[in-house]
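Novice: Structure in structure tokens, see below.
The values are calculated or read from the model by the stated rules, or taken from the named source; none is laboratory data. These figures come from a predicted structure and were not determined experimentally. FYI the Cβ positions are ideal-geometry reconstructions off the backbone, even for glycines, and counts take in every protein chain you see. SASA here: full protein model, heavy atoms, side chains in, ligands and nucleic acids out. Shrake-Rupley method; radii C 1.70, N 1.55, O 1.52, S 1.80 Å.
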Amino acid sequence: MNVKKYAIIAFIMMLSGSMYARKYLSSTYPDNVTAIYPQPDSKVDLAPSAYPMGIQQISILFKDNASVNPNCKEEACIYLEGEENPIQKVGISGASVDFEQNNLACILFPYSCKSNGNYRVTIPNGFWILEGSTGGYSQPLELYYSILDPQRIYPAPSVMKELSEFRLEFPDYDHVNLLNPNKIELFQLSSDEKYPLSISVGNNEDGTPANFLQINLITPITKPGEYNLYVQREAAEAIYYDGLKEISEPNTEALYRYTVTQIDAPSISPAEGVIENFSTFELTVPERADFWFVNDKAVSLIYRVNADGSLAPDASYRLRGQRLEGLDKILLNITENGKIIESVTPEQGNYALQLAGGLFSGSWNGEFINSAPFVYYFHATGDPDSVNLPSDIVKSKHTEGIYSIEGKIISEKSGSKQINALPEGIYIIDGKKTYVNHHK
């Protein structure tokens, strides 16, 4: 396997996505623009944790060299279809030019748009100054994108001790056909090593084909490192019925990244579980570690956890780390516009704190390694001593099974199989508040 080829694939996927012609809106390029990535009027196909990461970075290839215009006062904006107010905007603080390719300009929005929907991006006149034959200032751009999320991967990309199996699910379809198993590959980042997979269509309880692919490794992976599960387009087709008519659609292309580590996550205080508010978190580096350095520019994030266990598309809070002098401890402080926020009381619900990859570095048993993006789960509530059962459960006197903390039924059964399949978080299991943590 050509590692450079896969690096290029990942880069192209992150920028472009899969193309299709929008029927009702189209973008136009000024004369001084050669290309734009992601390509306007294209469908950006992705799962919540897959690459590409939605609409956040837009790169513009000009015909001539460009530089950021320090005098531009206008802002670039992202609009959701039908909305008059932008959901994101950024000034020239988000503009840049590639230092190796001076005609490749970029704009970076604060957060990535990853939710399904149609989006319009506007970049005002004069964000960049152009040199050469075209000269003058960059012209305004109005770009259109669609984001679809027709497939999901389980387990979600994260840090784990072992990779053994995956489930590629198509929730809105009736069943799936496997077209070409060779178009699904698992490989280690920066390595030629590719791992053999056993891929089959899952079955419903009655034995009929289900709407997911079961992907198993022939030999589970426990070797520390970063791994990519690359699903090429047309590896499978998802099928649904429109009346009596059968409609099939190919799977979308996605690259799912996992981190395997045998290093224990740092302990965190306050401990995972129920808390009243977010203030300063304290991390203690694992034993057997020679702790060297904290990257204070690495941004850790707190996400809201949805009822289905997925993370909200945008982070609720940003945190920066600093080392406690003389100790193998890190303080994580919530920041806003560069300033530390002493304490915030979030809305009640489940949250995930994801450490920045490379937040700290050191050696473990003599081997150098950067910290992985470990995740910690919390439930924020005004009353840390109790989580009341939702009224609809209490009235029905039905407390068997698994419910979300909001009262949505997840499974009528509560055996180990159902519990092990849950994303980490707090649930009502057989009428009792239960915190599920697969790392412990």
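Here's the yes/no breakdown for (1) modelled with pLDDT under 85; (2) open to solvent by 20 Å² or more (accessible area, probe 1.4 Å); (3) within 20 Å of Ala312 (Cβ to Cβ):
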position: Glu75; (1), (2), (3): no, yes, no
position: Asn85; (1), (2), (3): no, yes, yes
position: Arg120; (1), (2), (3): no, yes, no
position: Ile123; (1), (2), (3): no, no, no
position: Glu131; (1), (2), (3): no, yes, no
position: Leu163; (1), (2), (3): no, no, no
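Novice: If I ask for residues that are crowded, with 19+ Cβ neighbours inside 10 Å and within 12 Å of Cys72 (Cβ to Cβ), which ones from region 87-106 would you list?
Specialist: Of everything in region 87-106, those that are crowded, with 19+ Cβ neighbours inside 10 Å and within 12 Å of Cys72 (Cβ to Cβ) turn out to be Ile92, Gly94, Ala95.
Novice: Being closer than 24 Å to Pro157 by Cβ and surrounded by fewer than 16 Cβ atoms within 10 Å (Cβ to Cβ) is the filter here; which residues of region 227-248 pass it?
Specialist: Arg233, Glu234
Novice: For region 190-207, indicate whether the set of residues that are at pLDDT below 95, touching a Phe, Trp or Tyr at 6+ places or on another chain (Cβ under 8 Å) and surrounded by 17 or more Cβ atoms within 10 Å (Cβ to Cβ) is non-empty.
Specialist: The answer is no, given that none of the residues of region 190-207 is at pLDDT below 95, touching a Phe, Trp or Tyr at 6+ places or on another chain (Cβ under 8 Å) and surrounded by 17 or more Cβ atoms within 10 Å (Cβ to Cβ).
Novice: Sticking with this structure for a sec: Can you pull out the residues in region 328-359 that are open to solvent by 50 Å² or more (accessible area, probe 1.4 Å) and modelled with pLDDT under 85?
Specialist: The answer is Glu336, Asn337, Gly338, Lys339, Gly357.
Novice: May I pose another question? For region 313-328, check the following and say yes or no: at least one residue is touching a residue at least 24 places away in the same chain (Cβ under 8 Å), under 26 Å from Ile426 (Cα atoms), touching a Gly at 6+ places or on another chain (Cβ under 8 Å) and among the aliphatic types (A, V, I, L, M).
Specialist: No, every residue in region 313-328 fails to be touching a residue at least 24 places away in the same chain (Cβ under 8 Å), under 26 Å from Ile426 (Cα atoms), touching a Gly at 6+ places or on another chain (Cβ under 8 Å) and among the aliphatic types (A, V, I, L, M).
Novice: Let me confirm something: among Leu217, Leu168, which residue is open to solvent by less than 30 Å² (accessible area, probe 1.4 Å), part of a strand (DSSP E or B) and modelled with pLDDT under 95?
Specialist: Only one candidate passes the filter, namely Leu168.
Novice: Sticking with this one: Pick from Asp296, Asp290, Asp264: which is farther than 24 Å from Tyr111 by Cβ, open to solvent by 50 Å² or more (accessible area, probe 1.4 Å) and either assigned to a strand (DSSP E or B) or in contact with a strand residue (DSSP E or B) (Cβ under 8 Å, 6 or more places away or on another chain) (or both)?
Specialist: One residue alone meets the criteria, Asp290.
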